[in-house]
């Protein structure tokens, strides 16, 4: 893939990446920063992209990992102690919003529910969550497009029944 094609594909994902960044950060400014950092990393490491892989999933993975790394850095600095006046205070930025403990619990429950599905439903659904398009899933799994769509639809229905407490 040429540099021009790579850049065009990357810019084509900008709107989707904005929404994804906003869903991760819940803050417009932080989402914009995350988007810029993702673009920078994608451009910097464009030579690491393999031609036969899903470009969208590759870029989304960069964004997700960047968010996780930033979150971990913020958690470490947030939990360091300040010993001024012989009193210890946690340094916590008041304007930062991070996922609550309940949301991590919910995420674990959702992942367990997905993992417990039969392979015929779990595999297409997991590929869909990883950013593959219906057509790509159908081609990869050698299935008709309608079958892929219906399995993803029924998987959503099963999960909504299983996870009704988390809605």
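Observations, loosely collected:
- With one equal scatterer per alpha carbon and no solvent term, the Debye-computed log10 I(q)/I(0) for the range 1-43 at 0.20 1/Å reads -0.59.
- Measuring r between the beta carbons of residue 119 and residue 57 and using R0 = 25 Å, the FRET efficiency lands at 0.80.
- FRET efficiency, 1/(1 + (r/R0)^6) with R0 41 Å, evaluated for residue 139 and residue 18 via beta carbons: 0.90
- The order of the peptides 128-134, 41-47 by mean Cβ neighbours within 10 Å, most packed first, is 128-134, 41-47.
- Theoretical FRET efficiency, 1/(1+(r/R0)^6), r = Cβ-Cβ of residue 111 and residue 1, R0 35 Å, to 0.05: 0.60
- Distance between modelled label sites at residue 153 and residue 74, nm, 7 Å Cα→Cβ extension: 3.9 nm
Quick note: the coordinates plus some simple rules give every number you see, no bench work behind them. Everything numeric in this text was worked out from a predicted model, so none of it was measured. Ideal geometry is used to build each Cβ from the backbone, glycine not excepted, and the neighbour counts take in all protein chains shown.
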